[in-house]
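The numbers here are math on the coordinates, done by the rules we state, and not lab data. Just so we're clear, the structure is a prediction, and the values are computed from it rather than from any experiment. Reconstructed Cβ throughout: ideal geometry from the backbone, glycine too, with neighbour counts over all protein chains shown.
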Amino acid sequence: MYILVYVDDILAASSSSTATEALLKKLQSEFAVKDLGRLHYFLGIEVIHNKDGLVLTQKKYVREFLQRVNMEQCKGVSTLMASTEKLSRTNGTFLSTEEASRYRSMVGVLQYLTLTRPDISYSVNNVCQFLSAPTDVQSVVKRILRYLKMTCSASLQVQKSSSMLLSTFSDAGWAGCPDDRHSTGGFAIFFGQNLISWSSRKQQTVSRSSIKAEYKSLANATAELVWLQTLLKELHIFQARSPVLWCDNLGATYLTANPVFHVILSI
């Protein structure tokens, strides 16, 4: 049995209904506990059960958010900001105190939406970089909202899978920030055929080559993989073989395979 506790909300997953009922009775003997039955909604995430597994969606959360910012009638778009679009702190005018607060509030909601919407992670990461001093880059935020309007029903699938192996795809965009030339790295980790972890984040140091940027992204992906392996072991799920880590940069793959090349990074 697995038990997840968040403040006063509890989820219990077990292959035995008897064990679940016994746990509920034990809790009810100590606390005022209400049984809500099968999981359908948790922390703003809707859970839909089907024959293949689970569907996680935040469409209700998206609709409520669009209403709150008066964009429920906006015209939807099918694309987010282009990867070639470069946002800069030196462009645009600074927002007023009230507008800046509204901007931070919207970005905070968008960050929460990335829990089930990996497709918006890159764009949300970009707009997060302006929280301290927002400018009229908020037009990009509005485009994300228009995209959410169009793709409101998009969801994250969690399907039954015969494979219990971890695999990861890693990538990086070299020197993409026009202000400090930091790179952006990202990864997507699959457990069998299910996407379970993803990230798009600006790297903390400057890379003087695309190989270095890709290598740093691989290092971050590896750290997440090691953590996931440890978590799975605690859940008594063991990997039959080492996880596969995919990268599209030949130089970075050579660097990971041959430690002798590591001296190149210090040049």
For this session: With a point put 7 Å past each Cα toward its Cβ, work out how far Leu43 is from Met150 in nm, to one decimal.
Result: 3.0 nm
For this session: Can you tell me which of 13-23, 142-152 comes out highest on packing, and rank the rest after it, using the mean Cβ neighbours within 10 Å?
Result: 142-152, 13-23
Exercise. When the dipole is taken about the Cα centre of the range 162-266, and only Lys, Arg (+1) and Asp, Glu (-1) are charged at their Cβ, what size is it in debye, to the nearest 20?
Worked result: 140 debye
Problem set entry | Dipole magnitude of the chain about its Cα centre (Cβ charges: Lys, Arg +1; Asp, Glu -1), debye to nearest 20 | 340 debye
Exercise. How far apart, in nm, are two points set 7 Å out from the Cα along the Cα-to-Cβ line at Lys34 and at Val244?
Worked result: 4.7 nm
For this session: Output the peptides 100-106, 24-30 sorted from most to least packed, where packing is the average of other Cβ atoms within 10 Å over each peptide's residues.
Result: 100-106, 24-30
Problem set entry | Segment Ser139-Ser14, length gained on full extension (0.36 nm per residue, minus Cα span) | 40.4 nm
Exercise. When Rg is the radius of gyration of the Cα atoms in the range 132-267 and Rh is its Kirkwood radius, what does Rg/Rh come to?
Worked result: 1.04
Exercise. How large is the charge dipole for the range 57-150, taken about the Cα centre, if only the Cβ atoms of Lys, Arg (+1) and Asp, Glu (-1) carry charge, to the nearest 20 debye?
Worked result: 260 debye
For this session: Using the charge dipole of the range 122-236 (Lys, Arg: +1 at Cβ; Asp, Glu: -1 at Cβ; taken about the Cα centre), state which of Trp198, Ser139, Phe187 has its Cα farthest towards the positive end.
Result: Ser139
Seminar exercise, completed: Karplus-derived 3J(HN,Hα) from phi for the range 5-13 (6.51 cos²θ - 1.76 cosθ + 1.60, θ = phi - 60°), whole Hz, x at Gly and Pro, runs 10, 10, 6, 10, 9, 10, 10, 10, 10
Seminar exercise, completed: With x for Gly and Pro, the residue-by-residue ³J(HN,Hα) of the range 50-67, computed from phi through the Karplus equation 6.51 cos²θ - 1.76 cosθ + 1.60 at θ = phi - 60° and given in whole Hz, is 9, 5, 8, x, 10, 10, 9, 9, 10, 4, 5, 5, 5, 4, 5, 5, 4, 5
Exercise. Where in the range 1-39 does the amide nitrogen come within less than 13 Å of the point 7 Å from the Cα of Trp227, taken along Cα to Cβ?
Worked result: none
Seminar exercise, completed: Here the range 97-103 yields Karplus 3J(HN,Hα) values (6.51, -1.76, 1.60; θ = phi - 60°; whole Hz; Gly and Pro given as x) of 4, 5, 5, 5, 5, 5, 4
Problem set entry | Shape parameters for the chain, alpha-carbon atoms, Rg then Dmax in Å | 21.7, 66
Problem set entry | Dmax and Rg, reported as Rg then Dmax, of the range 57-150 (C-alpha, Å) | 12.6, 37
Problem set entry | Packing-based order for 214-225, 192-203, using average beta carbon neighbours within 10 Å, highest first | 214-225, 192-203
Exercise. For Met71, Met164, what's the fewest-to-most ordering of other Cβ within 10 Å of each Cβ?
Worked result: Met164, Met71
Seminar exercise, completed: A chain fully extended from Lys160 to Asn91 at 0.36 nm per residue, minus the present Cα-Cα distance, gains in nm 20.1 nm
Seminar exercise, completed: Flagged as over-length at 32 Å C-alpha distance, from Lys202/Lys233; Lys149/Lys233; Lys86/Lys216; Lys86/Lys212; Lys26/Lys60, the pairs are Lys149/Lys233; Lys26/Lys60
